[in-house]
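To start, the structure under review is shown below, and the notes come after it.
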Amino acid sequence: MDYKNAGVDIEAGYKSVELMKEHIKKTMREEVLTNIGGFSGAFSLKKIKDMEEPVLLSGTDGCGTKVKLSMIMDKHDTIGIDAVAMCVNDIACAGGEPLFFLDYIACGKNYPEKIATIVSGVAEGCVQSDAALIGGETAEHPGLMQEDEYDIAGFAVGVVERRDMITGENIKPGDVLVGIASSGVHSNGFSLVRKVFDMTKESLDTYYDELGKTLGEALLAPTRIYVKALRSVKEAGVTIKGCSHITGGGFYENIPRMLPEGIIAEVKKDSYEVPAIFKLMAKVGNIEEQMMYNTYNMGLGMVLAIDPADVDKTIAAIEAAGDKAFVVGCTKAGEKGVELI
């Protein structure tokens, strides 16, 4: 008896690391001091020392049951983008710049080519957010997971000057809410998605005219990364008073998280076009509107609160970064919360 016969292939692990390296190289920053394969990742803080009052920000998350779709469709090159996005968007939401990212992949059996493909997506997410991929872990769990199953999660660290932190504490009545378009369902609510649609390869490969693509392509669209959009707004001289990353819990849970007491956010549902995938999901699943807005991003991945005088500059800066933006509402005096009209 040996470890391989017990279900863990150490040689496959070595091969996975070798295959990953070409992707990881794309994410390197000058602050990275170690090579992949060490016991830890080292990142120089020399640049941070020049900041007046640096604050480290961290975020950790996974992709939930969206991973199940990747496995059914045997498409593994974008789920890593989702893992990065879920972490770095939270850091950007607080006003920070991501510095580095580490991933964790658990699998029933290590297929090196598949693992390397997953990591290629992680690397792409790091490139999109200017974060270095400085380490990670691939763990085989024979007996705990089926051979063709895996899960992925990650952890990111970022930095911000304390004076530049986005806290929401200065939001006042009359501020404008600007929404940044999402790329689809992102990485939340897939347990409900999997109840609405038949989760088979045939079903996911079905083309829908209203989507302009197959169902699987629409659902697997990677989570949009907003690091560069928010950086562009900051560089335009705009102070973002509050920022909500619209993840699990949709509008009703996430928008109030940026609000101080005594402020209510009023969102106009007709201020932008809700993407077709959400309309299809509501129709096929017979899901009430309130539940949709309480579960999904409904086409807005981020919502910012800004001064009315900064609206034009904000939208121009977001669009210059390659994203779409809409004025979606305003803030009013009232009990903390969100109202959809």
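Heavy-atom surface analysis with a 1.4 Å probe gives the chain a carbon and sulfur content of 49 percent of its accessible area. In the list (i) 35, 20, 18; (ii) 35, 27, 15; (iii) 31, 24, 19, the label attached to semi-axes √(5λ) of the Cα gyration tensor in Å as derived from the coordinates here is (ii). For the range 129-273, the residue among Val185, Ile246, Gln146 whose Cα projects farthest onto the positive side of the dipole built from Cβ charges is Ile246. Placing unit charges on the Cβ atoms of the charged side chains and taking the dipole of the chain about its Cα centre, the candidate lying farthest along the positive direction among Asn294, Tyr207, Ile315 is Ile315. Full extension of the chain between Leu340 and Lys49 gives 100.3 nm of extra length, using 0.36 nm per residue less the Cα-Cα distance. Taking label points 7 Å from Cα along the Cα-to-Cβ direction, Glu137 and Lys21 give a separation of 2.3 nm. Long hydrophobic helices in the chain, taken as whole DSSP H segments with a C-alpha length of 20 Å or more on their own axis and mean Kyte-Doolittle hydropathy at least 1.6, are absent. Build a GNM of the chain with springs between Cα atoms under 10 Å apart, and of His141, His76, His186 the one that fluctuates most is His141. Net charge dipole, the chain: roughly 320 debye, given to the nearest 20, about the Cα centre with Cβ charges of +1 for Lys and Arg and -1 for Asp and Glu. Site pair Tyr14 and Ser58 shows an inter-label distance of 3.3 nm when each label is modelled 7 Å from Cα along Cα→Cβ.
Find me the longest stretch of the chain that has none of the exposed GluC sites (Glu not before Pro), where exposed means in a DSSP loop (not H, G, I, E or B) with at most 15 other Cβ atoms within 10 Å. Longest stretch, sites excluded: 53-146.
When the charge dipole of the range 1-145 is built from unit charges on Cβ atoms (+1 for Lys and Arg, -1 for Asp and Glu) and taken about the Cα centre, the candidate among Gly121, Ala12, Ser40 whose Cα reaches farthest toward its positive end is Ala12.
Once the Cβ-Cβ distance of Met165 and Val284 is raised to the sixth power relative to R0 = 35 Å, the FRET efficiency obtained is 0.25.
Take every Cα pair under 8 Å whose residues are at least 6 apart in sequence, average their separation, divide by the length of the chain, and the relative contact order is 21 percent.
Report, ordered by chain and residue number, the lysines lying within cross-link reach of Lys195, taken as a straight Cα distance under 23 Å and ignoring same-chain residues fewer than 8 apart. Candidates past the 8-residue exclusion: Lys66, Lys68, Lys75, Lys213, Lys279, Lys283. Exposed loop sites here are chymotrypsin sites (Phe, Trp or Tyr not before Pro) assigned a DSSP state other than H, G, I, E or B and surrounded by at most 11 other beta carbons within 10 Å; excluding them, the longest clear run of the chain is 40-341.
The values are calculated or read from the model by the stated rules, or taken from the named source; none is laboratory data. Quantities reported herein were computed from a predicted structural model and do not represent experimental measurements. Don't worry about glycine lacking a Cβ; one is built from the backbone with ideal geometry, like all the others, and counts go over all protein chains shown. With ligands, DNA and RNA removed, areas are computed over all heavy atoms of the protein, side chains included. Shrake-Rupley method; radii C 1.70, N 1.55, O 1.52, S 1.80 Å.
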